[in-house]
Amino acid sequence: LLGSDVLLVAAEVLWNVLELDWEGAAEALGQEEVIECFRGFMEAVLSRGYRFKDKIFRNDIMVLLMYISKREENRQMFANTGLMSLLCKHTVGPAHWKYLMESGMLPESLAEAGSGQQQPDGQPGGVVLTSSQEDMEFRFLLWGTLARCCSVQECADIAVQFGVVSVLLSTTLDAQDGMLEQRPLSQEQRRKVQLEALSALFQLVQYVPDAFMGAHGNQAVLQLLSTTRSREVQKRCLNLLQVAVRRGPNFVNELGHLGTIGTLVELFADKDNPMSSRQLCVSILADMCADNADNRREFRKKDGVEAIRAEVLYRPDETTDNHLFYTLCVVDCVWSAIVGTRKNEIRFLDAGGIFALLDVLEVAPLLLKRQIIGCLADLMQYRKAAKLFVQWNSQVTMKGAVKILLELWRAEQEAATSTGRDGVIRDLERPLNPRTPEPVEERADQGRPNTGSSDSSIRSNSRASSALRQAKHFADTAASHASMRSSKTAEQRTAASTMRGTDAAFRNQADLTLIDKQDSRAKIFAVLQCINFECQEALTVNERQQMEAVKLFPTASELEAWIEVRENLEEKGLKPVAADWTWMQDSIAERKEQAAQVQGMQTSLADELRSEELAGLNRFYDDIRAHAQFRRSSKDEEHGSRAETPPMENSNDAFEPPTDELDGGFSSDGF
């Protein structure tokens, strides 16, 4: 049947079905009998498929196997039916297969499963892969399918015994390796071969890390990274190294001995490289230097501290790339490669590193702020860093670092609704995370003079919210009517796009919720504790309130923990012994009393602030009254002076006519 149009049409039909309904079709085709049929077709076409139509059919079958292998439950049958061995045999090539057969390294079962028609000299019979477009496509599909199937342990063992990892590594260094054809590959073909081989190795290093290390994979990838001129190949190598360093300390140590630190620092410092590649470099450096003193020392010797310090900035308007994630990776590298090693910290501080971190802290988004605060909390364990922290002032607002952190603390408190609008703790039992949020109306009215502005603002906001709700309802109604008038096909497309948009919205909302759940108050307390909660600037009343809450943080955390323990015991109906109960109650009472003292101090500060606001408001009204009285008195004096002065006396002095021209009855006074 090879070369028949019936096979091509059948493969095309299955392809279309898998694309339209992948889940159902992949489950239906994931039967052992079906996989055995695919193995028979592949064995026939790989041994006797010399014609062009045979190669097209072979590639179509490989596409179908790729779709089927995406369902994880189907991958085990690739090993059970011998299909995995057959595919591995054609992956390693004739020369490597002959070596495996002569050396007896393959078990008999795998040798039989992968064997086909053989020539007398031991070479496998069948079609030899060349550099033609069809054969290149087959290679790429074959590598990707094999790498995906290695997530199953049986398939991974087969790939390791065939030496698939070592063959792919040699292919990345020499794309011509394994090809019997003497015609050299073009530059574009070499690049594509390297990219696809690296993509397969990206998965294999996660599934068979020991085989990757045993085949000297780190050395091969690092060599390719140092010699390649292709940006895409360079980025693919960096992606592979990023996964490799997370496989364990053995990978980190080996990469450190191979000189990876110097290569990555050089690539990172080269600003001609794209930001995405530099981000990968700094991420790998952070993973390699975390908890590894040798790599940190090498990082310092290769001038990595100065290179990282130069990139501690946040200027998203200067590039179209995602500068937020890039800066996050830079701060993570500072945290991993510099903080904790005294010599690295001294270099970083001498280069103005802590000032750069504080400059970014002032303007960065919340996600980056929390990362920087955590880095500062560890960096300021060094006394010199704490002194420099106090000396910093913003170049934009001239605020000190303490004021910046108190603003962040206040934002965290408001997000947790732990304080009222006047800045006073709401719940003495849960000073940090109260059970019930504060009503919006109470927050709007609390701690404000009764001037009527708050009520009008609330009514205005209510009217605006109502208008927005009506507009949204009208838009939804109009959209529903429009969709009802559309055709059935259009409805299906709209529904599909709506579901995709809804899924994306849910994912974004989930990410935002995860970010909102993070709490940086513990980090802020750790930073301010390093300077003994002192500030060289004069704090406002609100800032003094927040500072008292910061000092209370450890006590408040212990109080909430004790309250949680007591509530859990009551919920489960457990009654502790008298000594434990007394200890728990005394601990709660002691910490609750401290919280009450802080609440009293905050209340007195709020009263002081309210008195200052009222006094300022009264002074403002007094100034207005005095100015109005002055204007009225000035007008009264002006009217009085006008009434006493004869009209037009001054205007006629310069134009008084001669007395001899007047008709006897007129005078200047009468005129």
- Note to self: with every protein chain in place and a 1.4 Å probe, the range 150-283 gives an accessible area per residue in Å² of 44 Å²
- Residues of type lysines that residue 399 reaches as a straight line, Cα spacing below 25 Å, ignoring anything fewer than 8 places off in the same chain: 369, 384, 387, 523, 551
- Item | Projected area, mean over directions - the range 541-602, Cα convex hull, nm² | 4.4 nm²
- Note on the structure: extent check for the range 293-368: Cα max minus min per principal axis, descending, whole Å, gives 36, 21, 19
- Query: So how much slack lies between residue 621 and residue 317, counting 0.36 nm per residue of separation and subtracting their Cα-Cα distance, in nm?
  - Reply: 104.9 nm
- Query: Seen from all sides and averaged, what is the projected area of the convex hull of the Cα atoms in the range 1-74, in nm²?
  - Reply: 4.5 nm²
- Message: Let me check I have the definition right: for the range 216-351, take the eigenvalues of the Cα gyration tensor, multiply each by 5, take square roots. What are those semi-axes in whole Å, largest first?
- Response: 21, 20, 12
- Protection proxy (average C-beta count within 10 Å per residue), highest first, orders 213-219, 62-68 as 62-68, 213-219
- Item | Average accessible surface area per residue within the range 380-426, 1.4 Å rolling probe, Å² | 47 Å²
- Task: Once every Cα of the range 586-626 carries one equal point scatterer and solvent is ignored, give the base-10 log of I(q)/I(0) from the Debye formula at q = 0.28, 0.29 Å⁻¹, two decimals.
- Result: -0.84, -0.86
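The values are calculated or read from the model by the stated rules, or taken from the named source; none is laboratory data. As the structure is a prediction and not an experimental result, all values here were calculated from the model. Note: ideal-geometry Cβ built from the backbone for every residue, glycine included; neighbour counts use all protein chains shown. For the accessible areas, the whole protein counts, side chains as well, though only heavy atoms, and no ligand, DNA or RNA atoms are used. Shrake-Rupley method; radii C 1.70, N 1.55, O 1.52, S 1.80 Å.
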